[in-house]
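I have placed the structure first, in the form of structure tokens, so that the comments after it can refer back to it.
The values are calculated or read from the model by the stated rules, or taken from the named source; none is laboratory data. Keep in mind the model is a prediction, meaning the values are calculated, not measured. Neighbour counts are summed over all protein chains in view; Cβ atoms, including those assigned to glycine, are modelled from backbone coordinates with ideal geometry. Heavy atoms of the whole protein, side chains included, go into the accessibility calculation; ligands, DNA and RNA do not. Shrake-Rupley method; radii C 1.70, N 1.55, O 1.52, S 1.80 Å.
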Amino acid sequence: MQLILHYDETYREVKYGNMGLPDIDSKMLIGINVTPIAALLYTPVLIRFFGTKWMMFLGVGIYALFVSTNYWERYYTLVPSAVALGMAIVPLWASMGNYITRMAQKYYEYSHYKERDGQDPQQRPPRGSHAPYLLVFQAIFYSFFHLSFACAQLPMVYFLNNYLYDLNHTLYNVHSCGTNSQGILSGFNKTVLRTLPRSRNLIVVESVLMAVAFVAMLLVLGLCGAAYRPTEEIDLRSVGWGNIFQLPFKHVRDFRLRHLTPFFIYSGFEVLFACTGLALGYGVCSIGLERLAYLLVAYSLGASASSLLCLLGLWLPRHVPLVSGSGLHLLLTVGLFFWAPTPKVLQHMWILYVAAVLWGVGSALNKTGLSTLLGILYEDKERQDFIFTIYHWWQAVAIFVVYLGSSLPMKAKLAVLLLTLVVAMISYLVMEQKLRRGVVPRQPRIPRPQHKVRGYRYLEEDNSDESDAEGERYGGGGGGGGGRGDGGEDEALLSGPRPGPEPAGFGRRPCPYEQAQEGDGPEEQ
């Protein structure tokens, strides 16, 4: 809504004069799209410093700050808030993915507490035991999230559409759409508003949006519990800020992440294509700006409903949602590559609505399946924030690439989208094949927490470059000598069942709390 108002020449000249609003809008888009590129450097540190819940609260608060700047639209309010919003995107989404995964794990522990009464409290649940709960949690979350696209159109439907020109005026100079188009809405009329909205009405709309933002902040504050126990939060921070900074980069050695990276990139491509390529290049270009809201509502409802289809994964193999969503997008992309709708012709409008709904179905299957897969592959609570940071950082990189290529022909955009999708599907299937063969991924070892408990300190230094397999093979300590080097092959065939947690005794160094209670610290030995 903001970009449509700022696009209109009359609105800019009457309300803002020579303030240079188009230049401000371009700088805002730069701030939102470029700033997340650096998010890999600070996101894990912020999540460990503030905690998962408070990082979500802070991220939603920055969104509320961005909305509030529309009360007073100036360079010094819009651009800094856009930069802050760009900085918050990856931490917010990484903390939400981490939070949902942790809630599924904690819900499993809560619902199976009777089975764990006679077990060691430190013993972890069986691997994969929380997967059904995680699938349900992710399906419910993405079902509500995709409804946000429909809710975002309410200001358009009930407010802005009353001021828009019809398609005969806005599309007067538009001669090609769809696969024959160049850039975004080439030839679109510079005036789209019949009459200018009153400032009082704009303030009412902004106040409603601010109220929703504050309600979201209160919901996070009041309803969301802590993702970790207080002692776990302390342990997560105590591995050292230098290690927290380095570990996202070190996880790249895991072949699972390398094989899923094309899917991360495609996930960013496809959501931007739905909002710009499909909605603008095919939709607005042919049936007018006044129907943009209804096209996005169709996409939203299709995605929201089909997110619940992922619950079929409770009975089907885990690769079915991802492969199904990708196959559907593959067929749609090929179809759109050969279709150029005629401007100002409404007979093909039903095709656009069907395409929007089906694209939403594929998006929901991809996003829900990918987030669930990451939560299943990486159950260790010490790694989840790093994994989701890498996932959403690659999404942000893809969105930045789409922003840079916004002026390309539609055929070029579709070709890049199609190529990325094919590579992502092949890479994912290769990863699943490796896991079925028993190939062990190489993960960096998470260093032990370095607590300061009245003089008790660990004597050895842990090597976070060492993989779990190397640590078990060469004694579990820190030291990086022996075994495979960093340049060696990252994958080794599984030779037998993985050992369970080591019981307390002479083979395990007591933690600082045990040392303080039992008096067997390093100094006393």
Have a look at segment 240-297 and give its Rg and Dmax from the Cα atoms, expressed in angstrom.
19.1, 56
Within the accessible area of segment 152-253, what % is carbon and sulfur when the probe is 1.4 Å and the other protein chains stay in place?
63
By how many nm would the segment from Gln182 to Cys224 lengthen if fully extended, with 0.36 nm per residue of separation less the alpha-carbon distance?
10.6 nm
How do the peptides 44-53, 313-322 rank, highest first, by the average count of neighbouring beta carbon atoms within 10 Å per residue?
44-53, 313-322
Could you give me the percent of Cα pairs per 5 Å distance bin for segment 7-70, shortest bin first, beginning at zero and ending with the bin that holds the maximum distance?
4, 13, 15, 20, 16, 11, 8, 7, 6, 1
Val284: net charge of surrounding residues, Cβ under 11 Å, Lys/Arg +1, Asp/Glu -1, itself excluded?
0
For the pair Ala412 and Phe249, the simple spin-label estimate (label points 7 Å beyond Cα toward Cβ) gives in nm 3.3
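Could you tell me what percent of the accessible area of segment 287-350 is made up of carbon and sulfur, with a 1.4 Å probe and every protein chain present?
On segment 287-350, the fraction of accessible area on carbon and sulfur atoms equals 76 percent.
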Take the Cβ-Cβ distance between His175 and Val212 as r, set R0 to 51 Å, and report the resulting FRET efficiency rounded to the nearest 0.05.
0.80
Taking placed amide H atoms and a strict 5 Å upper bound, the residues 5 or more places from Leu193 or on another chain that come that close are Tyr165
Once the mean of 1/r over all distinct C-alpha pairs in segment 187-292 is inverted, the Kirkwood radius in Å reads 19.9
Through the Karplus equation 6.51 cos²θ - 1.76 cosθ + 1.60, θ set to phi - 60°, convert the phi angles of segment 156-164 into ³J(HN,Hα) values in whole Hz; use x for Gly and Pro.
5, 5, 8, 10, 6, 4, 6, 10, 8
Quick one: if you take sqrt(5λ) for each eigenvalue of the C-alpha gyration tensor of segment 395-454, what semi-axes come out, biggest first, whole angstrom?
39, 23, 5
Extension gain (nm, one decimal) between Ile30 and Tyr403, 0.36 nm per residue minus Cα-Cα
133.4 nm
Can you pull the Rg over Rh of segment 350-459, Cα-only, Kirkwood?
1.13
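Calculate the FRET efficiency for His112 and Val320 from the Cβ-Cβ distance with a Förster distance of 25 Å, rounded to the nearest 0.05.
Calculated transfer efficiency: 0.40.
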Using 22 Å as the Cα-Cα cut-off, could you pick out the over-long pairs in Lys106/Lys381; Lys15/Lys190; Lys250/Lys413; Lys250/Lys381?
Lys250/Lys413
Distance between modelled label sites at Leu331 and Lys434, nm, 7 Å Cα→Cβ extension:
3.1
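When the convex hull of the C-alpha atoms of segment 320-375 is computed, what volume per residue in Å³ does it have?
Residue-normalised Cα hull volume stands at 71 Å³.
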Computed label-point distance, nm, for sites Leu312 and Arg127 using a 7 Å Cα→Cβ extension
2.9
Please work out the ratio of the alpha-carbon Rg of segment 249-407 to 2.2 N^0.38 Å and round it to two decimals.
1.13
